[in-house]
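S.K.: Once you've had a glance at the structure underneath, I'll fire off some questions.
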Number of protein chains: 2
Amino acid sequence: MTRREFRDLVPPATARDALADLAITAGTDTVPLAEANGRTLAAHVDAPLDVPGFDRSAMDGYAVRAADTFGASEGDPTTLRVVGTVRAGTEPDASVGEGDAVQVATGAVLPSGADAVVPVERTVEREDTVDVMTGVAPGDSVMPRGADIAAGDAALGPGTTLGPRHLGLLAALGHERVPVRSQPDVAVVSTGEELVQPGEEPDPAAGQIYDVNSHTIAAAVDATGARATRYTPATDDEETLRETLADAAADASLIVTSGSTSAGAADLLYRLVEEHGEILVHGVAIKPGRPLLVGRIFDTPYVGLPGYPVSALSVFRTFVAPRLRAVSGRPQPETATADATLATRVRYDGGRRRLVAVGLVADGDGDLVAYAPAKGSGATTTLAETDGIVQMAAETSLLAAGETVTVERFDDAPIPALLGVGDPDPVFARLLDDFATSRFLSLSATDASRWVDDDVPDVTVTPTDDLTGTRAEPLARWNREWGLVVPAGNPDDITALSDLVDGDYRFANLDDSLAVRTALAEHLETLALDSAEDTAAAIDGFHRELPGIESAARSVAAGRADAGLGLRVTATQLGLEFVPVGTQTLGVVPNPTRLDKSSVERLRDHLADRLPSLLTETPGYAPAE
Amino acid sequence: MTRREFRDLVPPATARDALADLAITAGTDTVPLAEANGRTLAAHVDAPLDVPGFDRSAMDGYAVRAADTFGASEGDPTTLRVVGTVRAGTEPDASVGEGDAVQVATGAVLPSGADAVVPVERTVEREDTVDVMTGVAPGDSVMPRGADIAAGDAALGPGTTLGPRHLGLLAALGHERVPVRSQPDVAVVSTGEELVQPGEEPDPAAGQIYDVNSHTIAAAVDATGARATRYTPATDDEETLRETLADAAADASLIVTSGSTSAGAADLLYRLVEEHGEILVHGVAIKPGRPLLVGRIFDTPYVGLPGYPVSALSVFRTFVAPRLRAVSGRPQPETATADATLATRVRYDGGRRRLVAVGLVADGDGDLVAYAPAKGSGATTTLAETDGIVQMAAETSLLAAGETVTVERFDDAPIPALLGVGDPDPVFARLLDDFATSRFLSLSATDASRWVDDDVPDVTVTPTDDLTGTRAEPLARWNREWGLVVPAGNPDDITALSDLVDGDYRFANLDDSLAVRTALAEHLETLALDSAEDTAAAIDGFHRELPGIESAARSVAAGRADAGLGLRVTATQLGLEFVPVGTQTLGVVPNPTRLDKSSVERLRDHLADRLPSLLTETPGYAPAE
């Protein structure tokens, strides 16, 4: 493997300039009005006709000569002869002479001779006459021909992003088709031998993973007003990659790849771009995102994004999306920032501008609190568990807790109304399904408690035996059965945890951040065996900790273990057998500062409504006394 | 015509409740990931597999046994045997024994035996060995299997609006298709005998106009996440309208009509809805919008909007859009309001809640100023010349100038950077075409001056002879030729204005809000005839004032006049002949409080760049000395 060091990192502004210089082009399309919503007008549009095209009655009433109504009042009405009626969309069949009136509808043509309309509310209809109870002036309740817009007047300028309102004006002017800027075609190519597509089966032993970036980047491209085409992920095979890029160059105004840019990866991409084009930027002084390629390949503008999903999307958002919006003529988003108080300090000494992905939650006063989830840019869950980024200048090494930061929102997805943290209990997860809207982050009881100290979450899901007197009363509590999940039919006839000690059985344990593992640890203490440590050591696999509440049970289902730690509900759902060991009480504990927050109040009601039936339906669950 | 009075107006909240009770339904679609962007997840999605599916190297470097690196430092490196290499997407071909290292790329499978990765930056590569210059702990730079998300964990909840980030997580989990809420089908029907469609030719004598509402409402429906189908506008013919509504009912989850709801119009719609369904709300105490029908027809939820485009769109936005968003599961827009200072007072004593459409402009300090354009809800140009609405409570009769108001933005179209008012000069209009972004409102010099007093516009386009010493220096000035536009070949041999006096010629004059008309008035004073009034009276058509700068010339082109007031440029563009009468100097005068506003500075540069060539290119234009 050849390695390329990033000795030539450029500042973000230089990367932006290089992108601005790329000749990404878009022409003009002429599209029907019905397809123009959200597009950008490519040329100015003038009025080809007067709107209205005639003197139009602005009210239901009577068309009159204003002079005839002079001095009329409620007490002394003027009586006029009704000589006709005009509905909207019909030619007047009468004209208005002295002393005449013609009944008109809103939108009707003003009959000749008339110069004003008396609103119907100010008249009394008689047999063939009408009593007018107010004087009107010439022009009253009439919109003269061309008063809305006159033929030849400028209507809309190029660059207007067409919304319903603009389409209305274009329709009023009779435009059936309108010139709009073409959407630049963007080829999106994920690279990496390890990638398989959703629908295929990845081989974990060979390090295969699903392709994420072509999906996120294509959707993000579409959101800028450009049009993404996803290419089959190119392997790191040189010939295949060259062909894919050549194909893409033939069709697209811009090629965006992701992956294969990291210093240690085969630097095939660099070589190809250098061989068939030009590299203008190798890397940018930003984290995440260092590996950013900007250049041209096969005479087509080219951008290479990093491979980590969060990095790829952040770098796209920061550098590429503004350029694509400019090409498409889309407005740069206006309201995409929010001020928030940082809950925990962020340190970074790397000397590069850092983009810190943060989640947001409203505190008890409705002010926003920003928190950084633990998993970082290597995790795809970070994509869904954050709301925006905080930029940390290269010369800043610390953002202190309590500092006000500006969060650049990823998009206009709403900030979840409720933030829960703690143990990922399956029943609570289902309960949140129809609670609009929530986010739940799995944290160990210790971490969850620290987050509450930092005043981040609205509620914590935690074993209630741990609760000290200082915390608020749980909104709800329930019991769940935990124990050993074994294969269907229990072939090894395991009946208790002690059967695993010094046995020939492979045990699948769970991560000690999970409450059920805490229950196991406490149970071990109570076993009348040797010390808990010795017992643990005597169980094969005790120290092989698996990450999710179902992970051990799934190991059993997959034949990788003979028994696993888990819940009865998981055993039932996976069609496995369950050996009960204990019952654990979980509670939903509100953050004391959020007791009055409306989503917490809604959750209290929601729990009261829905928890009882969920507990009844779910194997191994029961209300807590 | 039967008239229906709105005696049963309901408060807005009641109308909203009636809409909330309408059973507008949407099912579930299962769509490919590539089509799921912007849709709303219909069911919870759990992780079907561990991500990553293997213990993954998080860095480029060397997979090692952490214990082997104990005590290693720059000064005292530990040397390990390099026994293999693992790239991402390949199965390890070596395992790590004591004293071994395997070179790994980011994303590669951690070889068996290894429990940590030393980043490449902390190593020095030798022939067959590597010097490790730091101690690492077990788990360092490794993302264990399932650490991102473990099989069985909850990934995304129902109700999530899927953006690029969520699509990324779904792709990472291998979901090829996802369950999303169906988009409710909404039938959009404009009613009114007067309507013709863009592409057809309206007959102004019969009061025909283009259909606007089906275009605006369909686009607004689409923006809520529902799916609009436009029906051919129904005439007021009962049978046709009944059939259209019956067809729509068969296909749609909601029917939205506009028009034919005004009290004076034939109340066909009321009758049809009452006959084939039920009316729940007849009218709502709001202006504009009084005629709002809510009910059911042919067993399908039904809403009838008013006919005026601004009213129809306002009422749709206020009452119908939130309901459709709720059905589609779209978030209600979060950041759709802006605080602004009201520039001029708004009076309304109608006793109904009023929605005042306002435009917005940033003042010299960047604070927003709201202004109400003059044309009102009957004008389609109001659609494009405003940015949002101010709600005025029913019990409020006055919003004072200088009051802070909350403006509900129509959409996320940007507020124009520059607001110009005054004379609609064709060259200035073209100049604004490539100025991002501007709005220009035609106002008489007097009105423009009043707007400047109220500190609304950024610049005014006005004859510069009118300028008093109190105003700022113009950013630019130019001359334009005005005079008489006559048919090609000048068949009547008109050579001066005096030819029109007591002649047999029909003259087409322009509105006195236009600067060219001011020039004409001044010119009349200089003619050595009788008084200016007498001269005017002696010209046939002098008092027939037309609205737009090209209107009189277009009258001549259409044969409705023998001579018209206009500019040389207009005569040239319309292929007519021009009889010069005078030259007028126009200037772009900045509002003194906006001299430092960046868009005004940009305009100054833009004028310097572009005006000279435009003046050269345009017939009848020249730089002013």
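The values are calculated or read from the model by the stated rules, or taken from the named source; none is laboratory data. Bear in mind that the values here come from a model prediction, so they are computed numbers and not experimental data. We place every Cβ from the backbone using ideal geometry, glycine too, and count neighbours over all the protein chains shown. The accessibility values were calculated without ligands, DNA or RNA, using every heavy atom of the protein model including side chains. Shrake-Rupley method; radii C 1.70, N 1.55, O 1.52, S 1.80 Å.
S.K.: Answer yes if at least one residue in region B:144-154 is in a strand (DSSP E or B) and either under 31 Å from the mean Cα position of the chain (by Cα) or buried (at least 24 other Cβ atoms within 10 Å of the Cβ) (or both), and no otherwise. Working first, answer last.
M.R.: At the first step, the residues of region B:144-154 found to be in a strand (DSSP E or B) are B:149, B:154.
Checking the rest, the ones that are also either under 31 Å from the mean Cα position of the chain (by Cα) or buried (at least 24 other Cβ atoms within 10 Å of the Cβ) (or both) come to B:149.
Within region B:144-154 (the criterion being in a strand (DSSP E or B) and either under 31 Å from the mean Cα position of the chain (by Cα) or buried (at least 24 other Cβ atoms within 10 Å of the Cβ) (or both)), the answer is yes, since at least one residue qualifies.
S.K.: Let me ask another. Identify, from the list B:Asp453, B:Asp434, the residue that is more than 21 Å from A:Asp153 (Cβ to Cβ) and open to solvent by 40 Å² or more (accessible area, probe 1.4 Å). Even if it seems obvious, please write down each step before you answer.
M.R.: Details: B:Asp434 fails: more than 21 Å from A:Asp153 (Cβ to Cβ).
Testing whether each residue is more than 21 Å from A:Asp153 (Cβ to Cβ) and open to solvent by 40 Å² or more (accessible area, probe 1.4 Å) leaves just B:Asp453.
S.K.: May I pose another question? Report every pair of residues separated by at least 6 positions or lying on different chains whose Cβ atoms are under 6 Å apart, first residue within region A:596-625 and small (Gly, Ala, Ser), second part of a loop (DSSP other than H, G, I, E, B).
M.R.: Here the result reads A:Ser599/A:Ala417, each pair linking region A:596-625 to a residue that is part of a loop (DSSP other than H, G, I, E, B).
S.K.: A further question follows. How many residues are modelled with pLDDT of 95 or more and among the charged types (D, E, K, R) if we restrict to region B:92-121?
M.R.: Summing the residues that are modelled with pLDDT of 95 or more and among the charged types (D, E, K, R) in region B:92-121 gives 3.
S.K.: Which residues, taken from region A:187-212, are open to solvent by less than 30 Å² (accessible area, probe 1.4 Å), farther than 20 Å from A:Asp247 by Cα and of a type in the set (A, V, I, L, M, F, W, C)?
M.R.: Hits for region A:187-212 are A:Val196, A:Ala206, A:Val212.
S.K.: Sticking with this one: For region B:98-131, which positions are open to solvent by 10 Å² or more (accessible area, probe 1.4 Å) and out of contact with any Lys or Arg (no Cβ under 8 Å at 6 or more places or on another chain)?
M.R.: If the condition is that a residue be open to solvent by 10 Å² or more (accessible area, probe 1.4 Å) and out of contact with any Lys or Arg (no Cβ under 8 Å at 6 or more places or on another chain), then B:Gln103, B:Thr106, B:Ser112, B:Pro119, B:Glu121, B:Arg122, B:Thr123, B:Val124, B:Glu125, B:Arg126, B:Glu127, B:Asp131 are the ones that fit.
S.K.: Further question on the same structure: Go through region B:371-394 and give me each residue that's at pLDDT 85 or above and either closer than 23 Å to A:Asp46 by Cβ or part of a loop (DSSP other than H, G, I, E, B) (or both).
M.R.: Step one: of region B:371-394, the residues at pLDDT 85 or above are B:371-372, B:379-393.
B:Ala372, B:Ala379, B:Thr380, B:Thr381, B:Thr382, B:Leu383, B:Ala384, B:Glu385, B:Thr386, B:Asp387, B:Ala393 - these are the residues of region B:371-394 that are at pLDDT 85 or above and either closer than 23 Å to A:Asp46 by Cβ or part of a loop (DSSP other than H, G, I, E, B) (or both).
S.K.: I'm trying to understand the selection: among the residues of region A:562-596, which are of a type in the set (A, V, I, L, M, F, W, C) and either closer than 30 Å to A:Asp455 by Cβ or within 14 Å of chain B (Cβ to nearest Cβ) (or both)? Quick ask: steps written out before the conclusion?
M.R.: Going through region A:562-596, the residues of a type in the set (A, V, I, L, M, F, W, C) turn out to be A:563, A:565, A:567, A:569, A:571, A:574, A:576, A:578-579, A:581, A:586, A:588-589, A:595.
Scanning region A:562-596 gives A:Leu565, A:Leu567, A:Val569, A:Ala571, A:Leu574, A:Leu576, A:Leu586, A:Val588, A:Val589, A:Leu595.
S.K.: Confirm whether A:Ala519 is away from every other protein chain (no Cβ under 14 Å), modelled with pLDDT under 90, part of a helix (DSSP H, G or I) and in contact with a Phe, Trp or Tyr (Cβ under 6 Å, 6 or more places away or on another chain). Give the steps one after another, and end with the answer.
M.R.: Details: away from every other protein chain (no Cβ under 14 Å): yes; modelled with pLDDT under 90: no; part of a helix (DSSP H, G or I): yes; in contact with a Phe, Trp or Tyr (Cβ under 6 Å, 6 or more places away or on another chain): yes.
No, not satisfied.
S.K.: Take B:Thr25 and decide whether it is among the hydroxyl-bearing types (Ser, Thr, Tyr), loosely packed, with under 15 Cβ neighbours inside 10 Å and at pLDDT 90 or above.
M.R.: On the way: among the hydroxyl-bearing types (Ser, Thr, Tyr): yes; loosely packed, with under 15 Cβ neighbours inside 10 Å: yes; at pLDDT 90 or above: no.
It is false that B:Thr25 is among the hydroxyl-bearing types (Ser, Thr, Tyr), loosely packed, with under 15 Cβ neighbours inside 10 Å and at pLDDT 90 or above.
S.K.: Do we have A:Gly503 as more than 24 Å from A:Asp596 (Cα to Cα), part of a loop (DSSP other than H, G, I, E, B) and either in contact with a Ser or Thr (Cβ under 6 Å, 6 or more places away or on another chain) or open to solvent by less than 50 Å² (accessible area, probe 1.4 Å) (or both) here? If you could, list the steps in order and put the result at the bottom.
M.R.: Numbers: more than 24 Å from A:Asp596 (Cα to Cα): yes; part of a loop (DSSP other than H, G, I, E, B): yes; either in contact with a Ser or Thr (Cβ under 6 Å, 6 or more places away or on another chain) or open to solvent by less than 50 Å² (accessible area, probe 1.4 Å) (or both): yes.
So A:Gly503 passes the test.
S.K.: Here's a follow-up. If I filter region B:213-246 down to residues being among the hydroxyl-bearing types (Ser, Thr, Tyr) and in contact (Cβ under 8 Å) with a residue 40 or more places away in the chain, which single residue comes out as surrounded by the fewest Cβ atoms within 10 Å (Cβ to Cβ)? Lay out the reasoning, then the answer.
M.R.: Restricting attention to region B:213-246, the residues satisfying the condition of being among the hydroxyl-bearing types (Ser, Thr, Tyr) are B:214, B:216, B:224, B:229, B:231-232, B:235, B:240, B:244.
Within this subset, residues satisfying the condition of being in contact (Cβ under 8 Å) with a residue 40 or more places away in the chain are B:214, B:216, B:224, B:229, B:231, B:235, B:244.
Numbers: B:Ser214: 28, B:Thr216: 30, B:Thr224: 25, B:Thr229: 15, B:Tyr231: 20, B:Thr235: 18, B:Thr244: 21.
Across region B:213-246, the extreme among qualifying residues is B:Thr229.
Every residue, every condition in (1) within 7 Å of chain A (Cβ to nearest Cβ); (2) closer than 18 Å to A:Pro416 by Cβ; (3) not in a loop (DSSP other than H, G, I, E, B), yes or no:
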position: B:Pro158; (1), (2), (3): yes, yes, no
position: B:His175; (1), (2), (3): yes, no, no
position: B:Val189; (1), (2), (3): no, no, yes
position: B:Pro202; (1), (2), (3): yes, no, no
position: B:Ala205; (1), (2), (3): yes, no, yes
position: B:Ile217; (1), (2), (3): no, no, yes
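S.K.: Next up: For region B:416-439, which residues satisfy the criterion of being of a type in the set (Val, Ile, Thr) and free of Cβ contacts under 8 Å to residues at least 60 places away in the same chain? Explain how you work it out, then say what you get.
M.R.: Here is the first cut: in region B:416-439, the ones of a type in the set (Val, Ile, Thr) are B:421, B:427, B:437.
Across region B:416-439, the qualifying residues are B:Val421, B:Thr437.
S.K.: Please tell me if B:Gly75 is on the phi > 0 side of the Ramachandran plot, modelled with pLDDT under 95 and away from chain A (no Cβ under 13 Å).
M.R.: On the way: on the phi > 0 side of the Ramachandran plot: no; modelled with pLDDT under 95: yes; away from chain A (no Cβ under 13 Å): yes.
No; evaluated as a whole, the condition is false for this residue.
S.K.: Just the residues that are within 25 Å of B:Asp153 (Cα to Cα) and facing chain A (nearest Cβ under 8 Å), please, taken from region B:50-72.
M.R.: Correct list: B:Asp50, B:Val51, B:Pro52, B:Gly53, B:Phe54, B:Arg56, B:Ala58.
S.K.: Condition check: on the phi > 0 side of the Ramachandran plot and either in a loop (DSSP other than H, G, I, E, B) or over 35 Å from the mean Cα position of the chain (by Cα) (or both). Does B:Gly582 satisfy that? If you could, list the steps in order and put the result at the bottom.
M.R.: Values: on the phi > 0 side of the Ramachandran plot: no; either in a loop (DSSP other than H, G, I, E, B) or over 35 Å from the mean Cα position of the chain (by Cα) (or both): yes.
The answer is no for B:Gly582.
S.K.: Further question: Kindly indicate whether any position in region B:162-169 is more than 8 Å from chain A (Cβ to nearest Cβ) and in a loop (DSSP other than H, G, I, E, B).
M.R.: Here is the first cut: in region B:162-169, the residues more than 8 Å from chain A (Cβ to nearest Cβ) are B:162.
From the residues that got through so far, the ones that are in a loop (DSSP other than H, G, I, E, B) too are B:162.
Yes, region B:162-169 contains a residue that is more than 8 Å from chain A (Cβ to nearest Cβ) and in a loop (DSSP other than H, G, I, E, B).
S.K.: While we're on this one: On the given criteria, is A:Pro184 farther than 29 Å from A:Gln332 by Cβ and either touching a helix residue (DSSP H, G or I) at 6+ places or on another chain (Cβ under 8 Å) or open to solvent by less than 20 Å² (accessible area, probe 1.4 Å) (or both)?
M.R.: On the way: farther than 29 Å from A:Gln332 by Cβ: no; either touching a helix residue (DSSP H, G or I) at 6+ places or on another chain (Cβ under 8 Å) or open to solvent by less than 20 Å² (accessible area, probe 1.4 Å) (or both): yes.
Considered against the rule, which asks whether it is farther than 29 Å from A:Gln332 by Cβ and either touching a helix residue (DSSP H, G or I) at 6+ places or on another chain (Cβ under 8 Å) or open to solvent by less than 20 Å² (accessible area, probe 1.4 Å) (or both), A:Pro184 comes out as no.
Here is a yes/no grid of residues against (1) part of a helix (DSSP H, G or I); (2) open to solvent by 10 Å² or more (accessible area, probe 1.4 Å); (3) farther than 30 Å from B:Ala88 by Cβ; (4) of a type in the set (D, E, K, R):
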residue: A:Ser311; (1), (2), (3), (4): yes, no, no, no
residue: A:Phe316; (1), (2), (3), (4): yes, no, no, no
residue: A:Phe319; (1), (2), (3), (4): yes, no, no, no
residue: A:Arg330; (1), (2), (3), (4): no, yes, yes, yes
residue: A:Pro333; (1), (2), (3), (4): no, yes, yes, no
residue: A:Ala340; (1), (2), (3), (4): no, no, yes, no
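S.K.: Oh, and also: Filter region A:437-450 down to the residues that are more than 15 Å from A:Ala362 (Cα to Cα) and hydroxyl-bearing (Ser, Thr, Tyr), then identify the one that is surrounded by the fewest Cβ atoms within 10 Å (Cβ to Cβ). Show your work before the answer.
M.R.: At the first step, the residues of region A:437-450 found to be more than 15 Å from A:Ala362 (Cα to Cα) are A:441-450.
Still in the running and hydroxyl-bearing (Ser, Thr, Tyr): A:442, A:444, A:446, A:449.
On the way: A:Ser442: 25, A:Ser444: 19, A:Thr446: 11, A:Ser449: 19.
If we take residues in region A:437-450 being more than 15 Å from A:Ala362 (Cα to Cα) and hydroxyl-bearing (Ser, Thr, Tyr), then A:Thr446 is surrounded by the fewest Cβ atoms within 10 Å (Cβ to Cβ).
S.K.: Taking region B:408-462 as the region of interest, how many residues are touching a strand residue (DSSP E or B) at 6+ places or on another chain (Cβ under 6 Å) and in a strand (DSSP E or B)?
M.R.: Summing the residues that are touching a strand residue (DSSP E or B) at 6+ places or on another chain (Cβ under 6 Å) and in a strand (DSSP E or B) in region B:408-462 gives 15.
S.K.: Related question: What number of residues in region A:214-226 are in contact with a strand residue (DSSP E or B) (Cβ under 6 Å, 6 or more places away or on another chain) and either small (Gly, Ala, Ser) or at pLDDT below 95 (or both)? So that I can check it myself, show each step before the final result.
M.R.: Looking only at region A:214-226, we keep the residues that are in contact with a strand residue (DSSP E or B) (Cβ under 6 Å, 6 or more places away or on another chain), and these are A:214, A:217-218, A:221-222, A:226.
Now restrict to residues that are either small (Gly, Ala, Ser) or at pLDDT below 95 (or both): A:214, A:218, A:222, A:226.
Of the residues in that region, 4 qualify.
S.K.: From the list B:Ala374, B:Ala384, B:Ala326, B:Ala312, which one is touching a His at 6+ places or on another chain (Cβ under 7 Å) and within 11 Å of chain A (Cβ to nearest Cβ)?
M.R.: Details: B:Ala374 fails: touching a His at 6+ places or on another chain (Cβ under 7 Å); B:Ala326 fails: touching a His at 6+ places or on another chain (Cβ under 7 Å); B:Ala312 fails: touching a His at 6+ places or on another chain (Cβ under 7 Å).
From the options B:Ala374, B:Ala384, B:Ala326, B:Ala312, the qualifying one is B:Ala384.
S.K.: Hey, among the residues in region A:162-181 that are open to solvent by less than 30 Å² (accessible area, probe 1.4 Å) and not hydrophobic (A, V, I, L, M, F, W, C), which one's nearest to B:Ile209 (Cα to Cα)?
M.R.: From region A:162-181, those open to solvent by less than 30 Å² (accessible area, probe 1.4 Å) are A:162-174, A:178, A:180; that's our starting set.
Narrowing further to those that are not hydrophobic (A, V, I, L, M, F, W, C): A:163-166, A:168, A:174.
Values: A:Gly163: 21, A:Pro164: 18, A:Arg165: 17, A:His166: 17, A:Gly168: 12, A:Gly174: 9 Å.
Ranking the qualifying residues of region A:162-181, first place goes to A:Gly174.
S.K.: Could you give every pair whose Cβ atoms fall below 6 Å, whose first residue belongs to region A:67-79 and is aromatic (Phe, Trp, Tyr), and whose second residue is open to solvent by less than 80 Å² (accessible area, probe 1.4 Å) and assigned to a loop (DSSP other than H, G, I, E, B), counting only separations of at least 6 or pairs across chains?
M.R.: Matching pairs, first to second residue: A:Phe70/A:Gly135.
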